[in-house]
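A quick write-up on the structure given underneath.
The values are calculated or read from the model by the stated rules, or taken from the named source; none is laboratory data. Quantities reported herein were computed from a predicted structural model and do not represent experimental measurements. As a convention, Cβ positions derive from the backbone with ideal geometry for all residues, glycine included, and neighbour counts pool all protein chains shown. Just so you know, the surface numbers come from the protein's heavy atoms only, side chains and all, with ligands and any DNA or RNA stripped out. Shrake-Rupley method; radii C 1.70, N 1.55, O 1.52, S 1.80 Å.
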Amino acid sequence: MLPSFMTREVTRRRYPLVSDHGNQVRDYQAAPDVAVFYGCVQPGSGTEDVVNRNGAEIVKTVWAQPDSDVQDDDVVVLPDGDFRVNGVPERWDTGVLDHVVVHLSRWQG
């Protein structure tokens, strides 16, 4: 059973890998593999583009169930836009409330 705060359905997109001059990169034009996991989405503090003053980073954190299939180059779909997973998801094995912390970000403007 999920903890009471991990009830929000979250969709992740994983785009296929293609070879680009010997490097494996995601093809964001191709159809992605789509999966759902459950968690709690919380706002975070982002940064502002102080040089051009026309952009800002929007940051969120997802506290997800321990078996969530999320990787560092996935895209997470939220009501306020698509967010890139920022860094490797952190797995917390506490023995009492195991979970995965997923940091998200996107630029606006």
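Based on this model, can you work out whether Val36 counts as of a type in the set (A, V, I, L, M) and either in contact with a helix residue (DSSP H, G or I) (Cβ under 8 Å, 6 or more places away or on another chain) or open to solvent by 50 Å² or more (accessible area, probe 1.4 Å) (or both)?
On the way: of a type in the set (A, V, I, L, M): yes; either in contact with a helix residue (DSSP H, G or I) (Cβ under 8 Å, 6 or more places away or on another chain) or open to solvent by 50 Å² or more (accessible area, probe 1.4 Å) (or both): yes.
It is true that Val36 is of a type in the set (A, V, I, L, M) and either in contact with a helix residue (DSSP H, G or I) (Cβ under 8 Å, 6 or more places away or on another chain) or open to solvent by 50 Å² or more (accessible area, probe 1.4 Å) (or both).
Suppose the filter is aliphatic (A, V, I, L, M) and under 11 Å from the mean Cα position of the chain (by Cα); does Val101 pass it?
Values: aliphatic (A, V, I, L, M): yes; under 11 Å from the mean Cα position of the chain (by Cα): yes.
Spelling it out, Val101 is indeed aliphatic (A, V, I, L, M) and under 11 Å from the mean Cα position of the chain (by Cα).
Here is a yes/no grid of residues against (1) at pLDDT 90 or above; (2) open to solvent by less than 50 Å² (accessible area, probe 1.4 Å); (3) not β-branched (Val, Ile, Thr):
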position	(1), (2), (3)
Phe5	no, no, yes
Leu17	yes, no, yes
Asn23	yes, no, yes
Gln29	yes, no, yes
Pro43	no, no, yes
Val51	no, no, no
Ile58	no, yes, no
Ala64	yes, yes, yes
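Would you point out which residue out of Val76, Val102 is crowded, with 16+ Cβ neighbours inside 10 Å, modelled with pLDDT of 95 or more, under 28 Å from Phe5 (Cα atoms) and in contact with a Pro (Cβ under 7 Å, 6 or more places away or on another chain)?
Matching residue, one of Val76, Val102: Val102.
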